[in-house]
Structure formats: C-alpha cells, structure tokens
Amino acid sequence: MARGHQKIQSQQKNAKKQAEQKKKHGHDQKTAAKAALVYTCSICRTQMPDPKTFKQHFESKHPKSPMPPELEDVQA
C-alpha cells in the first residue's frame, strides 16, 4: 500500500489516465441513448425511440385518450 505523498501521486496519475481515456472514447452510452429517444408521450412524458413503439405505448397505456395526429398514419 502506498502512503502519504506516493498515494497522492498515484491518485493524480490515475485521474489523468481516466480523463485521457474518457476523451479518447468521446461519448458515453447515456448520452447516445438519450439522443435516440425522440418521441415523447404528451400524457405521461415517457420517451420512445420510434413512432411504432410510440403508437404501441399509446394504445396500451392511454386507450381512452384520443390518438395524436402524428400517430394516426403509423403502422403498428
């Protein structure tokens, strides 16, 4: 186990290494997944990736509510 000054140096070196790896990757899964969720349900604010899934969600979760106009021509 490192102690004192050696421990601090090791932590700084590790932090620098982690930062470089993060820069190299350029993206993370959370932001990529968030960018893919483009459709938002106006009733429950749930986000969906495509109109087909959005229509299926709307039909199952909100059957009594009127269908939004952008979903009426979508094939589920």
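The values are calculated or read from the model by the stated rules, or taken from the named source; none is laboratory data. What you see is a predicted model; the values in this text were computed from it and never measured. We place every Cβ from the backbone using ideal geometry, glycine too, and count neighbours over all the protein chains shown. In case anyone asks, the SASA skips ligands and DNA or RNA and just uses the protein heavy atoms, side chains included. Shrake-Rupley method; radii C 1.70, N 1.55, O 1.52, S 1.80 Å.
Looking at this structure, is residue 31 loosely packed, with under 10 Cβ neighbours inside 10 Å, within 24 Å of the chain's Cα centre (by Cα) and not basic (Lys, Arg)? Walk me through how you get there before you give the answer.
Numbers: loosely packed, with under 10 Cβ neighbours inside 10 Å: yes; within 24 Å of the chain's Cα centre (by Cα): yes; not basic (Lys, Arg): yes.
Yes, satisfied.
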State which residue pairs qualify: first residue outside any helix (DSSP H, G or I) and inside the range 1-21, second residue of a type in the set (A, V, I, L, M, F, W, C) and open to solvent by less than 100 Å² (accessible area, probe 1.4 Å) in any location, beta carbons under 6 Å apart, and separation of 6 or more residues or different chains. none
Restricting to the range 34-52, count the residues that are open to solvent by 80 Å² or more (accessible area, probe 1.4 Å), in contact with a strand residue (DSSP E or B) (Cβ under 9 Å, 6 or more places away or on another chain) and in a loop (DSSP other than H, G, I, E, B). 1
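Looking at 64, 24 in this structure, which one is among the basic types (Lys, Arg), in a helix (DSSP H, G or I) and open to solvent by 90 Å² or more (accessible area, probe 1.4 Å)? Before you say what the answer is, go through the steps one by one.
On the way: 64 fails: in a helix (DSSP H, G or I).
Checking each option against the conditions leaves just 24.
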